[in-house]
Every structure is written in C-alpha cells, then in structure tokens.
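The values are calculated or read from the model by the stated rules, or taken from the named source; none is laboratory data. This structure is a prediction, so every number in the text was calculated from the model and none was measured. Note: ideal-geometry Cβ built from the backbone for every residue, glycine included; neighbour counts use all protein chains shown.
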Amino acid sequence: MPGPRPTPTYLRLLRGNPSKRPIRSEPQPTQTPETPDPPPFIVGYAADEWWRCGPELHRLGLLTPSDVMPFAAYCQAYARWRNAEEALYQMAERDPVTGALLVKSADGNARQNPLVRVARNAANDMLRYASEFGLTPAARAHIASGVYGGGPSGKFDGLLG
C-alpha cells in the first residue's frame with residue numbers, strides 16, 4: 001500500500017485526534033499477566049536484552065504473545081551488533097594504526113573489515129525493530145501524553161485507561 005503506515009489505535013488515542021476522523025480500533029492481542037518467555041533460540045546477549053527491555057514493554061502493553069517473534073528479532077539484532085562490536089574492539093587493540101577498520105585482503109590490498117559491515121547492518125536492524133516497540137527517543141517523541149508522558153494530572157486522566 002502506498003502512503004504512510006497506519007498508526008496503531010492505542011498510539012492515535014495517546015497522540016490525540018486533531019483530524020477528528022473516526023478512529024476504528026484494530027483487534028487487540030491477549031495480554032498475559034507475566035512477561036512472555038523468550039523463544040528457545042534467544043541466548044547470550046539476546047536473552048540479556050530480552051530480560052532488560054521485555055518486562056517494561058510488557059508493562060506498557062507492547063509485548064504480548066503475538067509480539068514475541070518481532071521482539072526476538074530485535075534481541076537477535078542486538079546480540080549480533082554487540083558481538084561484532086566486541087570483536088572489532090579486540091581487533092582494534094592489536095591494530096592501533098587502523099583500529100581494525102581495515103584488513104589486508106588476499107591480494108595484499110587494504111579493504112574494509114567485514115565486521116564493520118556486520119556491525120552496521122545489525123545496528124540498522126536493531127534500530128528499525130526498536131522503533132517498532134517505542135525503544136528510541138524519536139519513537140517516543142510521537143507520543144504526547146499517556147504511557148510515556150508522566151506530565152501533570154488533569155481532569156481527564158484515566159479516561160483512556
């Protein structure tokens with residue numbers, strides 16, 4: 001479909017409805033009382049990230065059983081990025097001249113270290129997934145009040161809750 005992606009009803013209600021168009025709600029997934037467990041392939045740094053962000057996302061209603069796989073993709077991208085950055089750091093300690101940004105190719109010429117591309121691609125994936133869950137400042141900036149607002153209370157507090 002051309003045009004901007006649809007905004008979830010929950011976010012449209014939090015932002016307000018300046019266009020005054022009717023708001024049709026989409027189906028809502030079932031929310032469990034506890035944070036969903038990660039899939040079995042989420043291990044290491046990915047599992048650490050799951051348990052760092054997951055409980056807060058669950059509390060905000062943004063991590064339901066239906067959201068487990070997209071959030072798992074975010075956690076895997078985080079783990080891939082962190083592993084690549086740590087490997088680059090270890091290589092940079094042994095290469096003070098280029099900081100491991102360049103490596104010698106088979107023909108003897110210098111070229112970009114493949115880990116730089118791995119880290120960049122993983123960071124791009126991680127940020128794309130993170131914005132889907134409101135984990136970036138730019139994603140949170142779109143929400144004027146409500147979950148992230150925390151501003152002064154008013155006479156309409158609790159109306160949307």
Residue count, the range 38-61, condition within 26 Å of Thr9 (Cα to Cα) and acidic (Asp, Glu), comes to 1
Determine whether the range 104-114 contains at least one residue that is touching a strand residue (DSSP E or B) at 6+ places or on another chain (Cβ under 7 Å) and touching a residue at least 24 places away in the same chain (Cβ under 8 Å). yes
All positions within the range 10-59 that are at pLDDT 90 or above, in contact with a helix residue (DSSP H, G or I) (Cβ under 9 Å, 6 or more places away or on another chain) and acidic (Asp, Glu): Glu34, Asp37, Asp48, Glu49
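Is it the case that some residue within the range 42-54 is among the acidic types (Asp, Glu) and either buried (at least 18 other Cβ atoms within 10 Å of the Cβ) or over 20 Å from Ala139 (Cα atoms) (or both)?
Going residue by residue through the range 42-54, those that are among the acidic types (Asp, Glu) are 48-49.
Restricting the remaining residues to those that are either buried (at least 18 other Cβ atoms within 10 Å of the Cβ) or over 20 Å from Ala139 (Cα atoms) (or both) gives 48-49.
Yes, because at least one residue in the range 42-54 is among the acidic types (Asp, Glu) and either buried (at least 18 other Cβ atoms within 10 Å of the Cβ) or over 20 Å from Ala139 (Cα atoms) (or both).
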Condition (residue is over 17 Å from the mean Cα position of the chain (by Cα) and among the acidic types (Asp, Glu)) applied to the range 104-116: is it met by at least one residue? yes
Search the range 111-150 for residues being in contact with a Ser or Thr (Cβ under 6 Å, 6 or more places away or on another chain) and over 15 Å from Ala72 (Cα atoms), and hand back the single one that is modelled with the highest pLDDT. Arg111
Some residue of the range 83-99 being of a type in the set (Gly, Ala, Ser), touching a helix residue (DSSP H, G or I) at 6+ places or on another chain (Cβ under 6 Å) and in a helix (DSSP H, G or I): yes
Given the condition without any contact (Cβ under 8 Å) to a residue 12 or more places away in the chain, closer than 16 Å to Leu135 by Cα and surrounded by 13 or more Cβ atoms within 10 Å (Cβ to Cβ), answer yes or no: does some residue in the range 55-67 qualify? yes
